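> Quick one: this structure, given as structure tokens, is what I'll be asking you about.
The values are calculated or read from the model by the stated rules, or taken from the named source; none is laboratory data. These figures come from a predicted structure and were not determined experimentally. Cβ sites come from the backbone with ideal geometry, for glycine too, and all protein chains shown count toward neighbours. These accessible areas exclude ligands, DNA and RNA; they are computed on the full protein's heavy atoms, side chains included. Shrake-Rupley method; radii C 1.70, N 1.55, O 1.52, S 1.80 Å.
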4 protein chains.
Amino acid sequence: MGTERVVRVLAAGVCHSDLHMIDGAVGGPLPRVLGHEIAGHLEGVGDVLVYPCWSDGTCDYCQRGLEQLCPAAAEPGWAVDGGFAEQLLIPHPRFLLPLGGLDPVRAAPLADAGVTPYRAVRRALPWLTAGATALVIGAGGLGQFAIQYLRLLSAATVVAVDPSEPKRRRALSLGAHDAAAPGDDLPAAEAVFDLVGSDATLRQAVEHVRPAGVVVVVGEAGGRIPFGFRLVPYEVHLTSSVWGSYQDLQAVLGIAQRGDLAWDVEPMPLARANEALSRLRAGDVAGRIVLTP
Amino acid sequence: MGTERVVRVLAAGVCHSDLHMIDGAVGGPLPRVLGHEIAGHLEGVGDVLVYPCWSDGTCDYCQRGLEQLCPAAAEPGWAVDGGFAEQLLIPHPRFLLPLGGLDPVRAAPLADAGVTPYRAVRRALPWLTAGATALVIGAGGLGQFAIQYLRLLSAATVVAVDPSEPKRRRALSLGAHDAAAPGDDLPAAEAVFDLVGSDATLRQAVEHVRPAGVVVVVGEAGGRIPFGFRLVPYEVHLTSSVWGSYQDLQAVLGIAQRGDLAWDVEPMPLARANEALSRLRAGDVAGRIVLTP
Amino acid sequence: MGTERVVRVLAAGVCHSDLHMIDGAVGGPLPRVLGHEIAGHLEGVGDVLVYPCWSDGTCDYCQRGLEQLCPAAAEPGWAVDGGFAEQLLIPHPRFLLPLGGLDPVRAAPLADAGVTPYRAVRRALPWLTAGATALVIGAGGLGQFAIQYLRLLSAATVVAVDPSEPKRRRALSLGAHDAAAPGDDLPAAEAVFDLVGSDATLRQAVEHVRPAGVVVVVGEAGGRIPFGFRLVPYEVHLTSSVWGSYQDLQAVLGIAQRGDLAWDVEPMPLARANEALSRLRAGDVAGRIVLTP
Amino acid sequence: MGTERVVRVLAAGVCHSDLHMIDGAVGGPLPRVLGHEIAGHLEGVGDVLVYPCWSDGTCDYCQRGLEQLCPAAAEPGWAVDGGFAEQLLIPHPRFLLPLGGLDPVRAAPLADAGVTPYRAVRRALPWLTAGATALVIGAGGLGQFAIQYLRLLSAATVVAVDPSEPKRRRALSLGAHDAAAPGDDLPAAEAVFDLVGSDATLRQAVEHVRPAGVVVVVGEAGGRIPFGFRLVPYEVHLTSSVWGSYQDLQAVLGIAQRGDLAWDVEPMPLARANEALSRLRAGDVAGRIVLTP
């Protein structure tokens, strides 16, 4: 028996990246079965979450625990067919994590929306000593995870920034110490997480980060800011954070299994995938839509 | 004007170290005015907490932010007269931290009972990645702080160990995920905090720490265990943690000012200091007794 | 006696920043006595190097050992009068480091040219694990220090990049494993140090840094590159490095005192300061010109 | 084709652990083919070094890059048959590292004698900032590697301690700044490496480590010292270091391939294995004896 396995798909989250794929902005050649946030069932193993960066396991990125940067990685719903289907072919069982009792529909979005902000926050922990302030720009799905991780993993003061009043209220209910609209006065921060990534949010990030602080951009809105010796505050680190490593996803699953994480999902039959994508494009989604075959 | 200042004492915590001082086990020559957990008032500045490691500010420990290890440090209530008094002479205003609205009676114990477990937890953070387990041996005053810092600063699973059933309940109410009696089955842990420091608790620590984990001993019960290549699990770090640096105390004050920390104090007039010490020796104290002139 | 001291100047290095000052591009209002790389003599103490970031010692940057980022810092030869003089007024003896037998003329440039690349390299050490490659763009004075620190502090493979053939030869003699001209094929690197800081060198840095690597810009040529989610390799850190902390300068002095560092100086009488500045502007300087009163 | 491979053995180092195995003090049941420092040839791949901790690749130690702590690891020459043979069965090609032109006879000892002190030094790097002092107790084979890694990876002052005058001279020639006999005055050190591990050397380590420093024991002489709150200097870390991770061995190979490492080997035919073991037991070995089939 080789290492390939066929997983019966139980749930697959619908992500903005799927829209970018459809638009041809990212990902491999079309047509492609979308879906990279996948929970399923493997005979003899049980319910599993699929780690979506199918790395080669041998390059130096893999050996350093940076599977998501593996140049040879193939991602389901991206480089190969993904989870908007009844079955998924995976190259190796090492890409499966036991759900440990988590509802597959709830678990699926952890594979991207859940793990991406976790990695961003974890990498910024050296800056988030007690007394530090963290700014979270964008309090949508990813931002809501980021706020919770910041409270779970640091004693930093957490300030959410979002133009939407309901999202600001949600941010506060999830533990943000304060929530502001983009035009409000904002505190200087040791760490700024930009979950949007537009010109405007990147500018806001650089304007509010303190010297020696860090700006982590996660959002893919395509914005840019100039970097140079005097163009950002002294010794600030500008960096992007990309998806998550296998260990990052394990950590997120552990936190979720313990019940320390809140997030919203809306189940929808797989047959209505197009409707799900349309609603996401229209911004008409509260939590994560998760397709169920 | 030199750098010395006279602080009017508002509150001074009563600590087990005071008993050790009285017994001559530690500290400088007697007689000595005891009291190293001191809140007070400085004219023109306001209410302050006294950072109690009066370091020289110039040695390499001071420069590395390890004031509590400064070989030239003089501690009030220890090497020089302390806070069980109406006034305290301090060598330099740099040893004062503004209370920022905290009640002096509540703030005083932060200078030792509050900061010592903070430092212990903070130093162990590299071991406390998500998925890790932390064992807190001893759920008295310091242990209760430790449990809270662990929840505030890490996503580790926190298990408290104490023979006292009320303390186990208190541990759970402060955020411990589990609480066990010393004879119970305990999980293997990446980090073990020994707030007792007896032969028995150190042995328990070494028996439950995982390879590559850390044991931090804070308790001064005088216990010992043998260390050698195969005598503790491979690559475990054994270390003590001593009081706190200036930055540690700042961090604790910040957490307390934000309202994220719970601890109990029992105010008592300074005139009843001997009664306070007797009750502490008898183990008849729930929270920290704080003397008020 | 207050804390101010008058140091008799023995030597003061001439730095490109002095030209920027003269041109009004940086620094405080003119006229100003220039000179921030200063060795001198203090009665009763001996020969000393002047730590040039006269920080307030109380802000959070100072407490974190980032004196060079202290917003209240006054730098000699910059914000206040400096070392191109016979005497220098310093605000506090804590800004003096004993030379420990080093020749003052040789020691003076360590205060900027020596410490700045040290800090840049030290901050990048987490990226410089064995097997890593470091690219040093610009093999002039600062680059030559950087190459030596890289060899002293890491097992990284060090590649110097410079258009000047003599500087490439010098780089190799100081320990660089390879030296290349800007147009040559360059290896991908975990860490890139840009000692120039032009548009072209920053572009080169971003083109050769590997995902998850770091670019540290030290050079003040005023260049810029765009930063955004997909504009630099994934998870790369872009940062500037600014001068050095007090501890950085201590470390550099220690390395120099042990004889592990090579650098060139050319002594010149203070009376010929203008000639020194002219030659520096003309690029007609091999090592550091150091003025002696 | 499964993952197993047969490697033709080219060279196998003879290690003190082999004697411990023979004496039954460590390792699995006898009889066993000894030999864990193995270089060989794999058809289609070329000359390789065998990574000797055959870990399961799935446990949390493996995922954290701590293969040498994997509880399921099987070591050749220890838990399964090893390299004192003409052929070696390895469970998976992931345990092979290309020699990249290194002589197999020279390369073999890197798999234990070379990598073990590397790991010990690497783990202590946070303590080895510039200005720090490192004490290396025992300047035999492992100590000689340790001295070189300390010079390659840190700017620490390195002091070797050994009763043998020739070994002290060798230590100096390999870069130690000083070499002392055990009874000599020794400096206080931030990091002490005990390559012996006897009661006496552990005591020496604890007596000379500074507060907040680290003692790393590598030697397996079976010594012990008591640990407790006041029994070792404040905040010192006591730890053992065990063999090396896969990445550690890669790093060592890289350093060796670059020519930055000196060590002695004495080739001997496999048929004379018993003579090699006898000479090792008698202490009659200068470099590493390497058996060649």
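> Quick one: in the stretch A:73-111, which of the residues that are open to solvent by less than 20 Å² (accessible area, probe 1.4 Å) and within 15 Å of the chain's Cα centre (by Cα) is farthest from the other protein chains (Cβ to nearest Cβ)?
Checking each candidate, the answer is A:108.
> Specify which of the listed residues (D:252, D:196, D:265) is of a type in the set (Val, Ile, Thr) and within 21 Å of residue D:153 (Cα to Cα).
On the way: D:196 fails: within 21 Å of residue D:153 (Cα to Cα); D:265 fails: within 21 Å of residue D:153 (Cα to Cα).
Answer to the selection: D:252.
> Separate question: Within the stretch A:147-165, count every residue that is more than 16 Å from residue B:149 (Cα to Cα) and among the hydroxyl-bearing types (Ser, Thr, Tyr). Walk me through how you get there before you give the answer.
Here is the first cut: in the stretch A:147-165, the residues more than 16 Å from residue B:149 (Cα to Cα) are A:147-148, A:158-165.
With among the hydroxyl-bearing types (Ser, Thr, Tyr) added as a condition, the list becomes A:164.
Residues flagged as more than 16 Å from residue B:149 (Cα to Cα) and among the hydroxyl-bearing types (Ser, Thr, Tyr) within the stretch A:147-165 amount to 1.
> While we're looking at this one, here's another question. If only one of D:56, D:47, D:60 is assigned by TED's automatic domain parsing to the domain that holds residue D:104, open to solvent by 30 Å² or more (accessible area, probe 1.4 Å) and closer than 14 Å to residue D:104 by Cα, which one is it? Reasoning before the result, please.
On the way: D:56 fails: closer than 14 Å to residue D:104 by Cα; D:60 fails: closer than 14 Å to residue D:104 by Cα.
Step by step, each of D:56, D:47, D:60 is checked, and only D:47 is assigned by TED's automatic domain parsing to the domain that holds residue D:104, open to solvent by 30 Å² or more (accessible area, probe 1.4 Å) and closer than 14 Å to residue D:104 by Cα.
> Would you say residue C:248 is open to solvent by 40 Å² or more (accessible area, probe 1.4 Å) and charged (D, E, K, R)?
On the way: open to solvent by 40 Å² or more (accessible area, probe 1.4 Å): no; charged (D, E, K, R): yes.
So residue C:248 fails the test.
> Another question, then. Taking the stated definitions as given, is residue A:271 assigned by TED's automatic domain parsing to the domain that holds residue A:10, open to solvent by 60 Å² or more (accessible area, probe 1.4 Å) and in a loop (DSSP other than H, G, I, E, B)?
Details: assigned by TED's automatic domain parsing to the domain that holds residue A:10: yes; open to solvent by 60 Å² or more (accessible area, probe 1.4 Å): yes; in a loop (DSSP other than H, G, I, E, B): no.
In short, no.
> If residue A:232 meets every condition in (1) at pLDDT 95 or above; (2) within 16 Å of residue A:18 (Cβ to Cβ); (3) not basic (Lys, Arg) apart from one, which number is that one?
(2)
> Which residue pairs have Cβ atoms under 6 Å apart, sit 6 or more places apart or on different chains, and have a first residue in the stretch A:5-16 that is within 21 Å of residue A:288 (Cα to Cα) and a second that is buried (at least 23 other Cβ atoms within 10 Å of the Cβ) and basic (Lys, Arg)?
Close Cβ pairs satisfying both conditions: A:13/A:288.
> Quick check, is residue C:26 assigned to a loop (DSSP other than H, G, I, E, B), of a type in the set (A, V, I, L, M, F, W, C) and in contact with a strand residue (DSSP E or B) (Cβ under 9 Å, 6 or more places away or on another chain)?
Numbers: assigned to a loop (DSSP other than H, G, I, E, B): yes; of a type in the set (A, V, I, L, M, F, W, C): yes; in contact with a strand residue (DSSP E or B) (Cβ under 9 Å, 6 or more places away or on another chain): no.
For residue C:26, the condition - assigned to a loop (DSSP other than H, G, I, E, B), of a type in the set (A, V, I, L, M, F, W, C) and in contact with a strand residue (DSSP E or B) (Cβ under 9 Å, 6 or more places away or on another chain) - is not met.
> Across the stretch A:211-220, what is the total count of residues that are touching a strand residue (DSSP E or B) at 6+ places or on another chain (Cβ under 6 Å) and either modelled with pLDDT under 95 or within 10 Å of chain C (Cβ to nearest Cβ) (or both)?
As a first pass, look at the stretch A:211-220 and keep what is touching a strand residue (DSSP E or B) at 6+ places or on another chain (Cβ under 6 Å): A:213-217, A:219.
When the remaining residues are screened for being either modelled with pLDDT under 95 or within 10 Å of chain C (Cβ to nearest Cβ) (or both), the result is A:214-217, A:219.
Here the count works out to 5.
> Give me the residue from the stretch D:119-149 that is within 12 Å of chain C (Cβ to nearest Cβ) and open to solvent by less than 50 Å² (accessible area, probe 1.4 Å) and, out of that set, nearest to residue D:203 (Cα to Cα). Don't jump to the end; show me each part of the working.
Here is the first cut: in the stretch D:119-149, the residues within 12 Å of chain C (Cβ to nearest Cβ) are D:119, D:121-122, D:125-126, D:128-133, D:148-149.
Narrowing further to those that are open to solvent by less than 50 Å² (accessible area, probe 1.4 Å): D:119, D:121, D:128, D:130, D:132-133, D:148-149.
Details: D:119: 22, D:121: 20, D:128: 21, D:130: 26, D:132: 21, D:133: 18, D:148: 24, D:149: 24 Å.
Selected residue: D:133.
> Would you point out which residue out of C:235, C:207 is open to solvent by 20 Å² or more (accessible area, probe 1.4 Å) and closer than 25 Å to residue A:231 by Cβ?
Among C:235, C:207, only C:207 is open to solvent by 20 Å² or more (accessible area, probe 1.4 Å) and closer than 25 Å to residue A:231 by Cβ.
> Could you tell me whether the stretch B:163-184 includes any residue that is in a loop (DSSP other than H, G, I, E, B), in contact (Cβ under 8 Å) with a residue 40 or more places away in the chain and within 14 Å of chain D (Cβ to nearest Cβ)?
No, that holds for no residue.
> Tell me yes or no: at least one residue of the stretch C:201-208 is within 29 Å of residue C:109 (Cα to Cα), of a type in the set (Gly, Ala, Ser) and touching a residue at least 60 places away in the same chain (Cβ under 8 Å). Steps first, answer last, please.
Going residue by residue through the stretch C:201-208, those that are within 29 Å of residue C:109 (Cα to Cα) are C:201-202, C:204-205.
Okay, now just the ones that are also of a type in the set (Gly, Ala, Ser), so C:205.
Cutting the leftovers down to touching a residue at least 60 places away in the same chain (Cβ under 8 Å) gives us C:205.
Within the stretch C:201-208 (the criterion being within 29 Å of residue C:109 (Cα to Cα), of a type in the set (Gly, Ala, Ser) and touching a residue at least 60 places away in the same chain (Cβ under 8 Å)), the answer is yes, since at least one residue qualifies.
> Within the stretch C:11-33, which residues are of a type in the set (A, V, I, L, M, F, W, C), open to solvent by 20 Å² or more (accessible area, probe 1.4 Å) and within 19 Å of residue C:270 (Cα to Cα)? Working first, answer last.
Filtering the stretch C:11-33 down to residues of a type in the set (A, V, I, L, M, F, W, C) leaves C:11-12, C:14-15, C:19, C:21-22, C:25-26, C:30, C:33.
Those left that are additionally open to solvent by 20 Å² or more (accessible area, probe 1.4 Å): C:22, C:25-26, C:30, C:33.
Correct list: C:22, C:33.
> Of B:220, B:207, B:235, B:190, which residue is part of a helix (DSSP H, G or I) and among the charged types (D, E, K, R)?
Values: B:220 fails: part of a helix (DSSP H, G or I); B:235 fails: part of a helix (DSSP H, G or I); B:190 fails: part of a helix (DSSP H, G or I).
Exactly one residue qualifies, and that residue is B:207.
> Kindly list the number of the only condition in (1) outside the structural domain of residue D:217 (by TED's automatic domain parsing); (2) crowded, with 24+ Cβ neighbours inside 10 Å that fails for residue D:160.
(1)
> Can you tell me which condition residue D:199 does not meet? The list is (1) within 14 Å of chain B (Cβ to nearest Cβ); (2) of a type outside the set (S, T, N, Q); (3) open to solvent by 60 Å² or more (accessible area, probe 1.4 Å); (4) farther than 30 Å from residue B:120 by Cβ, and all the others hold.
It fails just one condition, (4).
> Quick check on the stretch B:238-265: of everything there that is in contact with a Phe, Trp or Tyr (Cβ under 6 Å, 6 or more places away or on another chain) and part of a helix (DSSP H, G or I), which residue is farthest from the other protein chains (Cβ to nearest Cβ)?
Checking each candidate, the answer is B:249.
> Within the group A:197, A:223, which residue is out of contact with any helix residue (DSSP H, G or I) (no Cβ under 7 Å at 6 or more places or on another chain) and not hydroxyl-bearing (Ser, Thr, Tyr)? Even if it seems obvious, please write down each step before you answer.
Numbers: A:223 fails: out of contact with any helix residue (DSSP H, G or I) (no Cβ under 7 Å at 6 or more places or on another chain).
Answer to the selection: A:197.
> Okay, moving on. Looking only at the stretch D:274-293, which residues are outside any helix (DSSP H, G or I), touching a strand residue (DSSP E or B) at 6+ places or on another chain (Cβ under 9 Å) and either at pLDDT below 95 or open to solvent by 20 Å² or more (accessible area, probe 1.4 Å) (or both)? Spell out how you get there, then give the answer.
Initially, the stretch D:274-293 is screened for residues outside any helix (DSSP H, G or I), giving D:282-293.
Then keep just the ones that are touching a strand residue (DSSP E or B) at 6+ places or on another chain (Cβ under 9 Å); that gives D:285-293.
D:285, D:286, D:287, D:288, D:292, D:293 - these are the residues of the stretch D:274-293 that are outside any helix (DSSP H, G or I), touching a strand residue (DSSP E or B) at 6+ places or on another chain (Cβ under 9 Å) and either at pLDDT below 95 or open to solvent by 20 Å² or more (accessible area, probe 1.4 Å) (or both).
> Could you list, in sequence order, all residues of the stretch C:63-72 that are open to solvent by 50 Å² or more (accessible area, probe 1.4 Å) and more than 20 Å from residue B:66 (Cα to Cα)?
C:71, C:72
Let's see how each residue does on (1) more than 19 Å from residue C:224 (Cβ to Cβ); (2) in the same structural domain as residue A:103 (by TED's automatic domain parsing); (3) crowded, with 24+ Cβ neighbours inside 10 Å; (4) at pLDDT 95 or above:
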position	(1), (2), (3), (4)
A:176	yes, no, yes, yes
A:181	yes, no, no, yes
A:185	yes, no, no, yes
A:195	yes, no, yes, yes
A:222	no, no, no, no
A:258	yes, yes, no, no
A:262	yes, yes, no, yes
A:267	yes, yes, no, yes
